[in-house]
Amino acid sequence: MIKKILLNIYLWTMFFIVTIISLILFPFFVLFFILRGKNFESSVRLSICFYGWILVKIVPFFCPVKVYYKTEKIPEPCVFVANHCSSIDPYLFGALMIDGAFVSTWPFKIPVYGFFMRLAKYINANDGWNVMLEKAKRLLSMGSNLIIWPEGHRSRTGKLGVFKKGAFAISVETGYPIVPVCILGSGKFMPPGKFFVNPSKVSLIVLEPVYPECDSDKLIAIKKLRKKVFENLKNCIEENSNY
């Protein structure tokens with residue numbers, strides 16, 4: 001119990017300190033990436049990613065988030081699809097240090113987060129399918145990756161829920177591959193609906209990309225792609241059930 005209390009005091013204190021410092025230094029982060037040849041939108045997304053990287057790789061120095069790759073190379077741009085078990089999951093993508101745009105809903109309602117999500121041109125899933133697809137096409141054509149939670153909500157059991165078709169329809173419509181990302185341990189670290197964290201290891205496993213069959217019927221291609229990605233993630237979770 002004492003270990004858990006100390007862990008929470010440390011992590012939450014560091015979270016607020018890092019967040020405040022990052023807000024102050026954010027313009028300089030953006031300028032740094034612009035000077036390295038990135039456009040403004042990409043620089044904002046990379047700056048947000050760097051903030052996440054600090055939170056998951058530097059702050060928990062005693063047990064940083066680990067990333068394992070089952071693929072030799074990520075075919076960027078792509079559509080990242082991940083299982084969703086905790087509110088910390090979005091931060092975990094900071095460990096990949098990629099130019100990624102989230103497709104989400106509720107974070108847009110949070111004052112500070114919403115501002116930066118709009119600034120980074122993240123996609124609000126509440127805008128409707130046609131708007132979402134056009135924004136997705138634009139981002140992918142500019143070299144940005146998409147990050148989507150196909151379940152649409154956090155799992156309370158750690159098991160995969162039903163996948164919505166949005167991510168897979170985007171992949172079929174654009175021809176860009178799906179890269180499944182298996183998140184392990186986040187649900188134990190911070191369970192859904194809980195504020196306090198528990199001592200637990202957290203890892204990401206980046207799986208082999210899955211390419212859409214763009215030459216077949218779109219509806220059939222979407223179903224095949226969704227089934228294949230679901231099976232790959234499900235198998236990875238089951239193989240690491242003791243994590």
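In table form, for the structure just shown:
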{"read-out": "Inter-residue pairs, beta-carbon under 8 Å, first free of Cβ contacts under 8 Å to residues at least 24 places away in the same chain and in region 94-110, second surrounded by fewer than 19 Cβ atoms within 10 Å (Cβ to Cβ) and among the small types (Gly, Ala, Ser), 6+ apart", "value": "107/114; 108/114"}
{"read-out": "Residue that is farthest from residue 142 (Cα to Cα) [pool: residues in region 60-69 that are out of contact with any Pro (no Cβ under 9 Å at 6 or more places or on another chain) and surrounded by fewer than 19 Cβ atoms within 10 Å (Cβ to Cβ)]", "value": "62"}
{"read-out": "Helices (runs of 4 or more DSSP H) completely within region 73-172 that count 3 or more residues being modelled with pLDDT under 95 and surrounded by fewer than 22 Cβ atoms within 10 Å (Cβ to Cβ)", "value": "111-119"}
{"read-out": "Search result, residues across region 24-62 that are free of Cβ contacts under 8 Å to residues at least 24 places away in the same chain, farther than 15 Å from residue 97 by Cα, part of a helix (DSSP H, G or I) and not aromatic (Phe, Trp, Tyr)", "value": "24, 25, 27, 31, 34, 35"}
{"read-out": "From 187, 193, residue being under 25 Å from residue 64 (Cα atoms), in contact with a Gly (Cβ under 6 Å, 6 or more places away or on another chain) and either surrounded by 15 or more Cβ atoms within 10 Å (Cβ to Cβ) or of a type outside the set (Asp, Glu) (or both)", "value": "187"}
{"read-out": "Per-region count, region 173-215, residues assigned to a helix (DSSP H, G or I) and under 19 Å from residue 146 (Cα atoms)", "value": "2"}
{"read-out": "Count of residues meeting criterion [in contact with a His (Cβ under 8 Å, 6 or more places away or on another chain) and without any contact (Cβ under 8 Å) to a residue 60 or more places away in the chain] in region 155-214", "value": "1"}
{"read-out": "Residue in region 38-60 that is within 25 Å of residue 172 (Cα to Cα), modelled with pLDDT of 95 or more and basic (Lys, Arg) present", "value": "yes"}
{"read-out": "Residues satisfying the stated conditions in region 31-48, i.e. of a type in the set (Lys, Arg) and within 13 Å of residue 117 (Cα to Cα)", "value": "45"}
{"read-out": "Qualifying residue in region 221-233 (condition: at pLDDT 95 or above, out of contact with any Cys (no Cβ under 7 Å at 6 or more places or on another chain) and assigned to a loop (DSSP other than H, G, I, E, B))", "value": "no"}
{"read-out": "Filter result for the condition that a residue is surrounded by 13 or more Cβ atoms within 10 Å (Cβ to Cβ) and touching a helix residue (DSSP H, G or I) at 6+ places or on another chain (Cβ under 7 Å), over 218, 234", "value": "218"}
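The values are calculated or read from the model by the stated rules, or taken from the named source; none is laboratory data. Not measured: the values here are computed from a predicted model. Quick reminder, even Gly has a Cβ in these numbers, built from the backbone with ideal geometry, and neighbours come from all protein chains shown.
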